């Protein structure tokens, strides 16, 4: 798992690098969990997600916005994500299985309330055999 | 500062229309020398980007609390011709109709001092705040349309306010063009349990004392006096508005391609205002704006109940009146005079406040002579201001002013500088009781993380865009 949280603006960002598109998106999900509650989540419930998009950038934004939606409506945060994804230009897609639980504020920290993943400064690129992502989240 | 940015006078800078290719006009930045030193280059670039959108009317504007946002900078104002210009969700932001309202009590802060600790605990327990906070009003799907159409009036109809509150809210606390059919099911789902909740981040409820009156006539019209106990409340459309924006950015990205709108930044995605896509966003955005007004009104009702319990006084004796409510993330269809002609414009204010001058027909009768109240929160350790809009603002800024102090530090820098410190204790030593539910909120929101609002307000007053009416110091602060 390789992600980094950046807080060099008034908002927050996530950067990640991984060998495959699926692992890259799984890392972004792990980073989101740390931002939302410190990340100490148990795998008590499962959610499945399927998404399609024209570009890897849109796919990543839509995936993170799916996590935002689950957090905002059900309090659900994923402890782990198994993601199978393709970044084929014009036909990007993913299927993800999220394992996690709803936040309970005796057991979990109250982290940042993420409003949305944005296209601001968004980068998904492949270099040196690795996929790299950089996403800014509106807080 | 980029040498192409010229100083026009002590309070204004100009980014010329030649600054970057594709600009349709210049940008005026309201900043004195001190404020200008703190403006990030990226924020100026974003201000210039807003001037590249089609149909720009007059100059694009940046207020002295400018800082980097997404697409538009925070503190940005841009107006586009309703006939052939665009509307952009990036010009409004994710928290649609995030705004502030000011309530004024009949009490003197000094006389209320013995009840303040009890009030603080009751407010912290009674105002739903923070990530995942429950306690909001739960509406079923059939009931959800009413607040989207009626705005603050819906909350009043639920017993969460008084009819006279509505006259003291911008646009009466509801925009008439809201279209719930333009709102996705996902937005409806996010908004379902969040009416009557404060949220997180920089949202707050603050009990304050009026420390200074600068304009006796305006203060009298607004019902303010020195030493008075007041309440300032800052929140918006919560997850409902965030989802409306998320949905719209996706739709507008596709629309920008269809209408061949050049985008200097993908978050500036836009569509012609009169297009189907533009009108769908406008209808959904107005629904979210009305949700925000309903939310602030619901919190007002809750706040009044808590005050009555804490002070043991009835509603009539406490008289917690709404002074005014302003939106600061919104796009509105307004008539303005441009080059001697009256034109309909779609005015985007992102982190900027409407500041209509005296005599404007949208002002309530009791404020018509002095201009619109412009509420400017500072930070939780220093002060906040109430200003009044001016005739000059109508001529120069489409009746707009700044919206707050503006962030100076990133979250990371603020957290690093707060390490090892006890921010709540530091504020308590200054007489400010503060409580937040988030683990890092106090660090990220500490006073030094913001510009000094005195300087920001000083630019607005110096430039004649808004005049100072009153200053407030914080006594109790509840944050998410």
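The values are calculated or read from the model by the stated rules, or taken from the named source; none is laboratory data. A quick note: this is a predicted structure, and the numbers were derived from the prediction, not measured. FYI the Cβ positions are ideal-geometry reconstructions off the backbone, even for glycines, and counts take in every protein chain you see.
Quick notes on this one:
- Those residues of the stretch B:265-278 which are touching a helix residue (DSSP H, G or I) at 6+ places or on another chain (Cβ under 9 Å), away from every other protein chain (no Cβ under 14 Å) and either touching a residue at least 40 places away in the same chain (Cβ under 8 Å) or buried (at least 19 other Cβ atoms within 10 Å of the Cβ) (or both), in sequence order: B:271, B:272, B:273, B:277, B:278
- Matching residues in the stretch B:162-194 - criterion: being within 14 Å of chain A (Cβ to nearest Cβ) and in contact with a helix residue (DSSP H, G or I) (Cβ under 7 Å, 6 or more places away or on another chain): B:184, B:186, B:187, B:189, B:190, B:191, B:194
- Unique residue being over 26 Å from residue B:245 (Cα atoms) and within 12 Å of the chain's Cα centre (by Cα) when the list is A:39, A:22, A:13: A:22
- You will find that of A:61, A:68, the residue that is crowded, with 23+ Cβ neighbours inside 10 Å, within 14 Å of chain B (Cβ to nearest Cβ) and either out of contact with any strand residue (DSSP E or B) (no Cβ under 9 Å at 6 or more places or on another chain) or within 22 Å of residue A:43 (Cα to Cα) (or both) is A:68 and no other.
- The residue that is surrounded by the fewest Cβ atoms within 10 Å (Cβ to Cβ), among those in the stretch B:313-352 that are out of contact with any helix residue (DSSP H, G or I) (no Cβ under 9 Å at 6 or more places or on another chain) and within 20 Å of residue B:30 (Cβ to Cβ), is B:338.
- Residue among B:249, B:330, B:306 that alone is at negative phi and part of a strand (DSSP E or B): B:330
- Each residue in the stretch A:107-131 was checked for being over 18 Å from residue A:53 (Cα atoms) and either at the interface with chain B (Cβ under 7 Å from one of its Cβ atoms) or in contact with a strand residue (DSSP E or B) (Cβ under 7 Å, 6 or more places away or on another chain) (or both), and 9 pass.
- Every residue from the stretch B:434-472 that is in contact with a helix residue (DSSP H, G or I) (Cβ under 9 Å, 6 or more places away or on another chain), under 16 Å from residue B:233 (Cα atoms) and either part of a strand (DSSP E or B) or more than 14 Å from chain A (Cβ to nearest Cβ) (or both): B:434, B:435, B:436, B:471
- Out of B:171, B:157, B:184, B:200, one residue alone is surrounded by fewer than 19 Cβ atoms within 10 Å (Cβ to Cβ) and in contact (Cβ under 8 Å) with a residue 40 or more places away in the chain. It is B:184.
- Residue B:294 buried (at least 21 other Cβ atoms within 10 Å of the Cβ), closer than 20 Å to residue B:177 by Cβ, within 14 Å of chain A (Cβ to nearest Cβ) and touching a residue at least 60 places away in the same chain (Cβ under 8 Å): no
- Test: residue B:151 is in contact with a strand residue (DSSP E or B) (Cβ under 9 Å, 6 or more places away or on another chain), closer than 22 Å to residue B:320 by Cβ and within 14 Å of chain A (Cβ to nearest Cβ): no
- Listed by position, the strands (runs of 3 or more DSSP E) enclosed by the stretch B:27-135 that each have at least 2 residues that are touching a residue at least 24 places away in the same chain (Cβ under 8 Å) and surrounded by fewer than 20 Cβ atoms within 10 Å (Cβ to Cβ) are B:99-108.
- Residue match in the stretch A:121-131 (condition: modelled with pLDDT of 95 or more, out of contact with any helix residue (DSSP H, G or I) (no Cβ under 8 Å at 6 or more places or on another chain) and surrounded by 15 or more Cβ atoms within 10 Å (Cβ to Cβ)): yes
- Filter result for residue A:54 (closer than 26 Å to residue B:70 by Cβ and away from chain B (no Cβ under 12 Å)): no
- Any hit, the stretch B:253-264, residues being surrounded by 22 or more Cβ atoms within 10 Å (Cβ to Cβ) and in contact (Cβ under 8 Å) with a residue 60 or more places away in the chain: no
- When residue B:358 is tested against (1) assigned to a loop (DSSP other than H, G, I, E, B); (2) surrounded by fewer than 18 Cβ atoms within 10 Å (Cβ to Cβ); (3) out of contact with any helix residue (DSSP H, G or I) (no Cβ under 7 Å at 6 or more places or on another chain), exactly one condition is not met: (3).
- When residue B:378 is tested against (1) in a helix (DSSP H, G or I); (2) within 30 Å of residue B:122 (Cβ to Cβ); (3) under 20 Å from the mean Cα position of the chain (by Cα), exactly one condition is not met: (1).
- Count of the stretch B:391-431 residues which are over 20 Å from residue B:101 (Cβ atoms), in contact with a strand residue (DSSP E or B) (Cβ under 6 Å, 6 or more places away or on another chain) and more than 14 Å from chain A (Cβ to nearest Cβ): 4
- Qualifying residues in the stretch A:1-12 (those that are surrounded by fewer than 20 Cβ atoms within 10 Å (Cβ to Cβ) and within 13 Å of chain B (Cβ to nearest Cβ)) - the one farthest from residue B:406 (Cα to Cα): A:4
- Extreme residue, nearest to the other protein chains (Cβ to nearest Cβ), among residues of the stretch A:83-106 that are touching a strand residue (DSSP E or B) at 6+ places or on another chain (Cβ under 8 Å) and within 28 Å of residue B:436 (Cβ to Cβ): A:103
- Restricted to the stretch B:171-208, and to residues there that are part of a loop (DSSP other than H, G, I, E, B) and in contact with a strand residue (DSSP E or B) (Cβ under 6 Å, 6 or more places away or on another chain), the residue that is nearest to residue B:330 (Cα to Cα) is B:203.
- Restricting A:29, A:71 to those that are touching a residue at least 24 places away in the same chain (Cβ under 8 Å), part of a helix (DSSP H, G or I) and farther than 24 Å from residue A:131 by Cα reduces the list to A:71.
- Residue list for the stretch B:262-292, restricted to those being outside any helix (DSSP H, G or I) and farther than 16 Å from residue B:82 by Cα: B:262, B:263, B:264, B:265, B:269
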